[in-house]
1. For the range 54-115, run through the trypsin sites (Lys or Arg not before Pro) and keep only the ones in DSSP coil with at most 14 other Cβ atoms within 10 Å of their Cβ.
2. With a 1.4 Å probe and every protein chain left in place, tell me how much accessible area Phe64 has, in Å² to the nearest 10.
3. Over the heavy atoms of Leu46, what accessible area does a 1.4 Å probe trace out, to the nearest 10 Å²?
4. What number comes out for the charge environment of Arg81, summing +1 per Lys or Arg and -1 per Asp or Glu over other residues with Cβ under 13 Å away?
5. Among residues other than Arg61 whose Cβ falls under 14 Å from its Cβ, what is the net charge (Lys/Arg +1, Asp/Glu -1)?
6. To the nearest 0.05, how large is the calculated FRET efficiency for Cys23 and Asp59 if R₀ is 30 Å and r is the Cβ-Cβ distance?
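The values are calculated or read from the model by the stated rules, or taken from the named source; none is laboratory data. Everything numeric here is computed off the predicted structure, so don't read it as measured data. Every residue, glycine among them, receives a Cβ derived from its backbone with ideal geometry; neighbour counts consider all protein chains shown. Heads up: the accessible areas ignore ligands, DNA and RNA and are worked out on the full protein's heavy atoms, side chains in. Shrake-Rupley method; radii C 1.70, N 1.55, O 1.52, S 1.80 Å.
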Amino acid sequence: MTPFPAPAGQLLGVRLLPASAACDHEYWTTRLVNPRLLLGAVAVALYRLPLLAVPVGADRRGGFMDLSDPVFADALAGALRGRPGFNQVTVCGQVVRWGEPMPEGLTPDARRRFQGLREEPRYGPCIRPPAGHGGRDVGVRSLFPVPESPPGRQPTSPWAVVEAGAAHAP
């Protein structure tokens, strides 16, 4: 007896979960013009990190997911085909697209509108790291310039020198 081969999605561990299981659910909730699209969204779990796949409809004309490998892209495309809002699923290398093809030469704002996204999140702009943060932003300032704070509004460094005896005694 010859065993039947398992579908590619099962071999690779591609699972479709409820949208709320996605680690980027909050990101999409704050950025979609029409958050009701989340009702048809699914969390796509490759290994252990579920990411949200949002269907097309209303203000959203197309969507895509960029995966790490074409094999994963094929498995995801197979899992999304036939689901409502995921029409015209195509694979090009490691990118899975659904909905209308995105026209060439769109400005960043037009690209966001095509995908049904707001210019900024509903709850305000992203929080920037505090002044003097020495994390991953070192050396990237030329790509993403950060406006300088006014001179009188600089936060105190956590490494500030305090004179002996100046600390509050219990």
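1. The qualifying sites are Arg81.
2. Number for this one is 90 Å².
3. Roughly 40 Å² of Leu46 is accessible to a 1.4 Å probe.
4. Combined, the nearby Lys, Arg, Asp and Glu give +1.
5. Numbers: positive: Arg60, Arg97, Arg111, Arg112, Arg113; negative: Asp59, Glu100.
Surrounding charge for Arg61 is +3.
6. Working: r = 24 Å, r/R0 = 0.80.
The formula returns an efficiency of 0.80 here.
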